[in-house]
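The values are calculated or read from the model by the stated rules, or taken from the named source; none is laboratory data. Given the structure is predicted, the values throughout are model-derived calculations rather than measurements. Here Cβ is always computed from backbone atoms with ideal geometry, including for glycine, and neighbour counts include all displayed protein chains. Side chains are part of the model used for accessible areas, which takes the heavy atoms of the whole protein and leaves out ligands, DNA and RNA. Shrake-Rupley method; radii C 1.70, N 1.55, O 1.52, S 1.80 Å.
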Amino acid sequence: MKKIVTLCAVVGASALLAACSSHQTDNNIVGSYVLVSLNDQPLPNSIPPVLNITQDSSTTTIQLNGKMCNLFNGQAIYQNGVLQAADGVAMTRVFCNEPTLNQLDTVIGDMLSKGANVEKVDGKLVLKSGNNTLVYQQQNLPMTQKDNTK
């Protein structure tokens, strides 16, 4: 009986410590996000790249759509903390006069094709692949359609 009481105390203390933690990790990545930084560099407010992740409850695949410079979409699989496009990512091909947006098109395409490690903490979705890290802030708004092309 003493072992059960001790075990309950340890489990209870662990749960309490987890609840008091300053960071809340979330494995549900479904949502709308606005990109806030690339490789720890903040993005100008004038360019709000977005990412929307949805999932139909009847399937295990995830639907991705978003915009950097160009619009992109595709289906992906999310498992073991890795998000990877199932059959590549479809993307429009328009040149933007904002160099950062052109770079972001390449970065997101490569990340999703090769697979990106994903972590969602405190409402931020962090995608890492190779030398690149994208940090998105979760939003309650649908994807914006602001045109960044010229």
Practice item. Name the single residue, out of those in the range 100-119 being at pLDDT below 95 and touching a Phe, Trp or Tyr at 6+ places or on another chain (Cβ under 9 Å), that is most open to solvent (accessible area, probe 1.4 Å). Key: ASN102
Point to revise | Every pair of residues 6+ apart whose Cβ atoms lie under 8 Å, when the first sits in the range 92-109 and is over 19 Å from VAL34 (Cβ atoms) while the second is of a type in the set (S, T, N, Q) and modelled with pLDDT of 90 or more | key: THR92/ASN70; ARG93/ASN70; VAL94/ASN70
Practice item. Being among the β-branched types (Val, Ile, Thr) and assigned to a strand (DSSP E or B) is the filter here, so list the residues in the range 26-41 that pass it. Key: VAL34, VAL36
Exercise for review: Scan ASP87, ASP122 and give me the residue that is open to solvent by 30 Å² or more (accessible area, probe 1.4 Å), in contact (Cβ under 8 Å) with a residue 12 or more places away in the chain and in contact with a His (Cβ under 7 Å, 6 or more places away or on another chain).
Suggested key: ASP122
Exercise for review: From (1) surrounded by fewer than 16 Cβ atoms within 10 Å (Cβ to Cβ); (2) in contact with a Ser or Thr (Cβ under 8 Å, 6 or more places away or on another chain), pick out the condition that doesn't hold for SER57.
Suggested key: (2)
Revision key, fill the gap. Residue pairs qualifying under the 9 Å Cβ cut-off, at least six apart or on distinct chains, with the first in the range 51-62 being under 22 Å from SER37 (Cα atoms) and the second being modelled with pLDDT under 85 and of a type in the set (A, V, I, L, M, F, W, C), are LEU51/MET143; ASN52/MET143
